[in-house]
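Chemist: The structure follows.
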Amino acid sequence: MSEKKELLEKYPYYDESLSVDLRVMLILNRLTLKEKFKLLSGKNFSWWTTKPIRHLNIKRMGMTDGPHGISFHSSFKKNTKFPCAKCLSATWNPTLAREYGVALAEEVRAVGRHILLAPGINIDRTPVNGRTFEYYSEDPYLTKEIAIPLVKGVQSKRVGACIKHYALNNQETNRRSVSVEIGERSLRELYLQAFEEVVKKADPWVVMGSYNKINGVHACENKELLRDILMDEWGFNGFIVTDWWATRKFKNPEKAIKAGLSLEMPQPSVYKIHRLRKAFRKKKFNLKDLDFVVERLLKVMIQVGLFDFEKVPEGKRNTDEHKKIARQIAEEGIILLKNQKNILPLNREKIKTIAIVGPNAQKKFGKIHYGGSAAVVAPYEITAYEGIKAKCGKTIKVTDNPAKADICLFIGGLNHSRGQDCENFDRPDLKLPDEQITQLLATIEQNKKTIVILINGSPITMSDWHSKVPAIIEAWYPGQEGGYAIADVLFGDVNPSGKLPITFPKKLSDSPAHKSERTYPGDEQVFYDEGIFVGYRHFDKEKIKPLYPFGFGLSYTQFALSNAKLSTYDLTDDELMKITLDIENVGKKAGSEVIQLYIGANDSKVPKPIKELIGFTKVTLEPGEKKQIEFTINEEVLNYYDGNADTWITEDGKYTLYAGNSSRDIYFTQEFNYKSSDT
Ligand code: GLC
């Protein structure tokens, strides 16, 4: 008898022709009670895998960080370091997001793992959050538009994507103990929205429960959050894993079991076998409760190929293709924030000497635990200095003396040290470090043509120096190819098209979370008193002018919008509305523009933001080229969550559409009427 036949006889659940559900049942029926308990927590001393059950040929399922590439601390290998999540969302390019996901999955496979602990899709409530660089945006629509294709890309290689941190892990201060006190409407409309959309449209196989509490109950034992909303309401059918050590202080396993928690990582604590056995014997939970969480785990084990004969896709890492994706994301995520007198792009004919200075000019960020669990140790990293030097070649002299240069490039930002874009620590403020500001001001004294390039992952306030520099570029943490991308943009070989996925405030106190200790960082509780008014929603409502608004980014060319039309000015609940408008490149360089569509309710009976993002499209145009772009909306984009009725409501009345190339640069507004057909 062939080896395969023998194996199938012994382990019929290896038969890939059977349905997943049947294979799960075949395994479940062979597991003893103790073996089911064993599967509910990570393998001791491994940190990254489930436990094997050898006599049933159940192998370990391996997990790995993170959102920017495969971490060294979990794979012990140097892997492609892609640009950070903020850089990806700054591209406003869902196609690139999918490519990012596929590349990440190939690298997961290449290190022999099955689950990627990413993407992080928490909303940027406060810009000082230490993990802002790991998340996409202050806006749930942009967040889900990037996360959905990324998750689909990851899972296209049968690697499980693990969306995190569910939910409301919006600060690092007291992250393990703080209870977020929040109303139902802002919970649903803002903080759960991206999770809901990703679950419904991308079907992630894993969700990671966060450290914090929500209204007094820890996420990882919060039945309402896990069972009622995530599973029963949204139809999530993967498994829930804890954040690492999130359950260390939990006392009762039954609470987590009944909440739907399948896997405690990295090692058993509340799911220690003796605790589970004792609670089971006392009938604190029953076999049905237990099987409910074990089945979900087994299902994903089958989906990732743990029970396949043929080895699942081998994967690949550090390939030219992955380098190319990393570079393209960096190029498209870089944002031109200021460009006085078109000093950029740099003109090779006119420049003889360039000074390159600043703390991040030659800094390499791809080091173990740099910034926390999202760190990736890269096989190489092109610094900004190396990229620019290479571009200068033999025609332009590079110096470190600003006084002796035609142009000075000051490369600053943050560096993933404590309080500077690092997990576990929020930033103390939004300024650059004092010593860096001092150096920058001194540099400006030596050369008025000092251009600032920021390498960072969260908003920076610039009041000390903003008016003194002619140009500013936001390059984020651009990954291992970042230096080349920065140089391409500086010299105009790439026309910048990035747009801010997060508001850059003039000062921290302008941000909605920073009204008092109560609203940030709180103590045992933090109160989200601002409700849904986060990010540009808040700045619009309070009429505060940000330093740079959500959705903002300049180009080396100019675009003109015209001929906006609606297919109807009276929308009902069973029809679609088409919005068309023309965009033309009226400048001299090819370039890309992101046209954003926002909606506002004119006469709502509940407080609503002035405008909310409901669509965007990125177009690339040659000089003189004109294209028609089209958006299609329906009544769903008009609704809001009624916390009392516990449902989404769409009010009849007047609404306004806004189209433009940032949340503040609106080129077209149009009012229309909505009336549901059953009123
Ligand atoms: C960390 C992070 C989480 C990460 C996990 C494993 O504490 O919160 O994002 O995936 O532990 O490193």
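The values are calculated or read from the model by the stated rules, or taken from the named source; none is laboratory data. Everything numeric in this text was worked out from a predicted model, so none of it was measured. Positions of Cβ are generated from backbone atoms using ideal geometry, with glycine treated the same way; all protein chains shown enter the neighbour counts.
Chemist: Please go through (1) away from the ligand (no atom under 14 Å from the Cβ); (2) outside any helix (DSSP H, G or I) for I27 and return the number of the only condition it doesn't satisfy.
Modeler: Unmet for I27, out of (1) away from the ligand (no atom under 14 Å from the Cβ); (2) outside any helix (DSSP H, G or I): (2).
Chemist: Quick one: is V217 surrounded by fewer than 20 Cβ atoms within 10 Å (Cβ to Cβ) and more than 21 Å from D642 (Cα to Cα)?
Modeler: Working: surrounded by fewer than 20 Cβ atoms within 10 Å (Cβ to Cβ): yes; more than 21 Å from D642 (Cα to Cα): yes.
Against the criterion (surrounded by fewer than 20 Cβ atoms within 10 Å (Cβ to Cβ) and more than 21 Å from D642 (Cα to Cα)), V217 qualifies.
Chemist: Kindly check whether there is at least one residue in region 287-301 that is under 24 Å from the mean Cα position of the chain (by Cα), touching a residue at least 60 places away in the same chain (Cβ under 8 Å) and in a helix (DSSP H, G or I).
Modeler: Let us first name the residues in region 287-301 that are under 24 Å from the mean Cα position of the chain (by Cα), namely 300.
Now narrow it down to the ones that are touching a residue at least 60 places away in the same chain (Cβ under 8 Å): 300.
Within this subset, residues satisfying the condition of being in a helix (DSSP H, G or I) are 300.
Within region 287-301, one or more residues are under 24 Å from the mean Cα position of the chain (by Cα), touching a residue at least 60 places away in the same chain (Cβ under 8 Å) and in a helix (DSSP H, G or I).
Chemist: Out of region 86-137, which residues are within 16 Å of the ligand (Cβ to nearest atom), of a type in the set (A, V, I, L, M) and over 22 Å from V206 (Cα atoms)?
Modeler: Those that are within 16 Å of the ligand (Cβ to nearest atom), of a type in the set (A, V, I, L, M) and over 22 Å from V206 (Cα atoms): none in region 86-137.
Chemist: Restricting to region 613-634, give me the number of residues that are out of contact with any strand residue (DSSP E or B) (no Cβ under 6 Å at 6 or more places or on another chain) and among the charged types (D, E, K, R).
Modeler: Applying the first criterion (out of contact with any strand residue (DSSP E or B) (no Cβ under 6 Å at 6 or more places or on another chain)) to region 613-634 yields 622, 624, 634.
Now drop any that are not among the charged types (D, E, K, R), which leaves 622.
Qualifying residue count for the region: 1.
Chemist: Specify which of the listed residues (E612, E584, E575) is crowded, with 19+ Cβ neighbours inside 10 Å and of a type outside the set (V, I, T).
Modeler: Numbers: E584 fails: crowded, with 19+ Cβ neighbours inside 10 Å; E575 fails: crowded, with 19+ Cβ neighbours inside 10 Å.
It is E612.
Chemist: For K311, indicate whether it is basic (K, R) and modelled with pLDDT of 95 or more. Walk me through how you get there before you give the answer.
Modeler: Values: basic (K, R): yes; modelled with pLDDT of 95 or more: no.
Taking the combined requirement at face value, the residue does not satisfy it.
Chemist: Can you tell me which residue within region 421-433, out of those that are within 16 Å of the ligand (Cβ to nearest atom) and of a type outside the set (D, E), is surrounded by the fewest Cβ atoms within 10 Å (Cβ to Cβ)?
Modeler: My answer is N424.
Chemist: Could I ask something else about it? Counting only residues that are on the phi > 0 side of the Ramachandran plot and within 23 Å of the chain's Cα centre (by Cα), how many does region 375-426 have?
Modeler: Pass one, region 375-426, residues on the phi > 0 side of the Ramachandran plot: 393, 413, 416, 419, 421, 424.
In the following step, the residues that additionally are within 23 Å of the chain's Cα centre (by Cα) were identified as 413, 416, 419, 421, 424.
Total satisfying the criteria: 5.
Chemist: Working only within region 141-171, note down all residues that are farther than 28 Å from P609 by Cβ, within 15 Å of the chain's Cα centre (by Cα) and within 16 Å of the ligand (Cβ to nearest atom). Write out each step before concluding.
Modeler: Start the filter on region 141-171 by keeping residues that are farther than 28 Å from P609 by Cβ, which leaves 152-162.
Among the residues that remain, those that are also within 15 Å of the chain's Cα centre (by Cα) are: 152-154, 161-162.
V154, A161, C162, listed by residue number.
Chemist: Answer yes or no: is there a residue in region 243-260 that is at pLDDT 95 or above and in a strand (DSSP E or B).
Modeler: No, that holds for no residue.
Chemist: Please go through region 271-286 and pick out each residue that is outside any helix (DSSP H, G or I), over 20 Å from A246 (Cβ atoms) and out of contact with any helix residue (DSSP H, G or I) (no Cβ under 6 Å at 6 or more places or on another chain). Write out each step before concluding.
Modeler: Let us first name the residues in region 271-286 that are outside any helix (DSSP H, G or I), namely 271-272, 282-286.
Checking which are over 20 Å from A246 (Cβ atoms) leaves us with 282-284, 286.
Listed by number, the residues that qualify are K282, K283, N286.
Chemist: If you go through region 387-420 one residue at a time, how many are under 18 Å from Q362 (Cβ atoms) and within 16 Å of the ligand (Cβ to nearest atom)?
Modeler: Count: 1.
Chemist: Give the residue that is surrounded by the fewest Cβ atoms within 10 Å (Cβ to Cβ), with candidates limited to residues of region 73-85 that are away from the ligand (no atom under 12 Å from the Cβ), in contact (Cβ under 8 Å) with a residue 40 or more places away in the chain and under 27 Å from T50 (Cβ atoms).
Modeler: Here the answer is K77.
Chemist: Looking at (1) within 16 Å of the ligand (Cβ to nearest atom); (2) assigned to a helix (DSSP H, G or I), which one does M63 not meet, given that it meets all the others?
Modeler: (2)
Chemist: Of the conditions (1) within 16 Å of the ligand (Cβ to nearest atom); (2) polar (S, T, N, Q); (3) surrounded by fewer than 19 Cβ atoms within 10 Å (Cβ to Cβ), T247 fails just one. Which one is it?
Modeler: (3)
Chemist: Follow-up question, since we're still on this one. Could you tell me whether any residue of region 36-51 is in a helix (DSSP H, G or I), hydroxyl-bearing (S, T, Y), in contact with a Leu (Cβ under 7 Å, 6 or more places away or on another chain) and modelled with pLDDT of 95 or more? Steps first, please.
Modeler: To start, the set of residues in region 36-51 that are in a helix (DSSP H, G or I) comprises 36-39.
Pick out the ones that are also hydroxyl-bearing (S, T, Y) and you get none.
Looking through region 36-51, none of the residues is in a helix (DSSP H, G or I), hydroxyl-bearing (S, T, Y), in contact with a Leu (Cβ under 7 Å, 6 or more places away or on another chain) and modelled with pLDDT of 95 or more.
Chemist: Which is of a type in the set (A, V, I, L, M) and out of contact with any strand residue (DSSP E or B) (no Cβ under 9 Å at 6 or more places or on another chain), of L104, L39, L96, L31? Can you show your working first?
Modeler: On the way: L104 fails: out of contact with any strand residue (DSSP E or B) (no Cβ under 9 Å at 6 or more places or on another chain); L39 fails: out of contact with any strand residue (DSSP E or B) (no Cβ under 9 Å at 6 or more places or on another chain); L31 fails: out of contact with any strand residue (DSSP E or B) (no Cβ under 9 Å at 6 or more places or on another chain).
Of L104, L39, L96, L31, the one residue that is of a type in the set (A, V, I, L, M) and out of contact with any strand residue (DSSP E or B) (no Cβ under 9 Å at 6 or more places or on another chain) is L96.
Chemist: Does at least one position in region 355-372 carry a residue that is small (G, A, S), within 16 Å of the ligand (Cβ to nearest atom) and buried (at least 20 other Cβ atoms within 10 Å of the Cβ)? Steps first, please.
Modeler: Let us first name the residues in region 355-372 that are small (G, A, S), namely 355, 358, 361, 366, 371-372.
Right, trim to within 16 Å of the ligand (Cβ to nearest atom) and you get 371-372.
Those left that are additionally buried (at least 20 other Cβ atoms within 10 Å of the Cβ): 371-372.
The answer is yes, given that some residue of region 355-372 is small (G, A, S), within 16 Å of the ligand (Cβ to nearest atom) and buried (at least 20 other Cβ atoms within 10 Å of the Cβ).
Chemist: Taking the criterion of being more than 16 Å from the ligand (Cβ to nearest atom) and among the β-branched types (V, I, T), would at least one residue in region 216-228 satisfy it? Before the answer, list the steps.
Modeler: Step one: filter region 216-228 for residues more than 16 Å from the ligand (Cβ to nearest atom), giving 216-217, 221-228.
Filter once more, keeping what is among the β-branched types (V, I, T): 217.
So far as region 216-228 goes, yes, one or more of its residues are more than 16 Å from the ligand (Cβ to nearest atom) and among the β-branched types (V, I, T).
Chemist: Here is a follow-up. If you check K578, K626, K611, which single one turns out to be touching an Asp or Glu at 6+ places or on another chain (Cβ under 8 Å), closer than 22 Å to D139 by Cα and basic (K, R)? Please lay out each step first, then the result.
Modeler: Working: K578 fails: closer than 22 Å to D139 by Cα; K626 fails: closer than 22 Å to D139 by Cα.
Going through K578, K626, K611 in turn, just one is touching an Asp or Glu at 6+ places or on another chain (Cβ under 8 Å), closer than 22 Å to D139 by Cα and basic (K, R): K611.
Chemist: Could you check, for region 58-69, whether at least one of its residues is among the polar types (S, T, N, Q) and in contact (Cβ under 8 Å) with a residue 60 or more places away in the chain? So that I can check it myself, show each step before the final result.
Modeler: Taking region 58-69 as the starting set, the residues that turn out to be among the polar types (S, T, N, Q) are 64.
Filter once more, keeping what is in contact (Cβ under 8 Å) with a residue 60 or more places away in the chain: none.
No, region 58-69 contains no residue that is among the polar types (S, T, N, Q) and in contact (Cβ under 8 Å) with a residue 60 or more places away in the chain.
Chemist: In region 506-519, how many residues are in contact with a Ser or Thr (Cβ under 8 Å, 6 or more places away or on another chain) and surrounded by fewer than 24 Cβ atoms within 10 Å (Cβ to Cβ)?
Modeler: Total satisfying the criteria: 4.
Chemist: While we're here: Just to verify a result, which residue in region 172-213, among those that are of a type in the set (S, T, N, Q) and within 16 Å of the ligand (Cβ to nearest atom), is surrounded by the fewest Cβ atoms within 10 Å (Cβ to Cβ)? So that I can check it myself, show each step before the final result.
Modeler: Going through region 172-213, the residues of a type in the set (S, T, N, Q) turn out to be 173-174, 177, 179, 186, 193, 210, 212.
Of the ones still in play, those that are also within 16 Å of the ligand (Cβ to nearest atom) are 173-174, 177, 210, 212.
On the way: T173: 17, N174: 17, S177: 13, S210: 26, N212: 24.
Across region 172-213, the extreme among qualifying residues is S177.
Chemist: Of the residues in region 7-20, how many are part of a helix (DSSP H, G or I) and without any contact (Cβ under 8 Å) to a residue 24 or more places away in the chain? Break it down stepwise before answering.
Modeler: Our first condition is that a residue be part of a helix (DSSP H, G or I); within region 7-20, this holds for 7-10, 12-14, 20.
Next cut, without any contact (Cβ under 8 Å) to a residue 24 or more places away in the chain only: 8-9, 12.
Looking only at that region, the number is 3.
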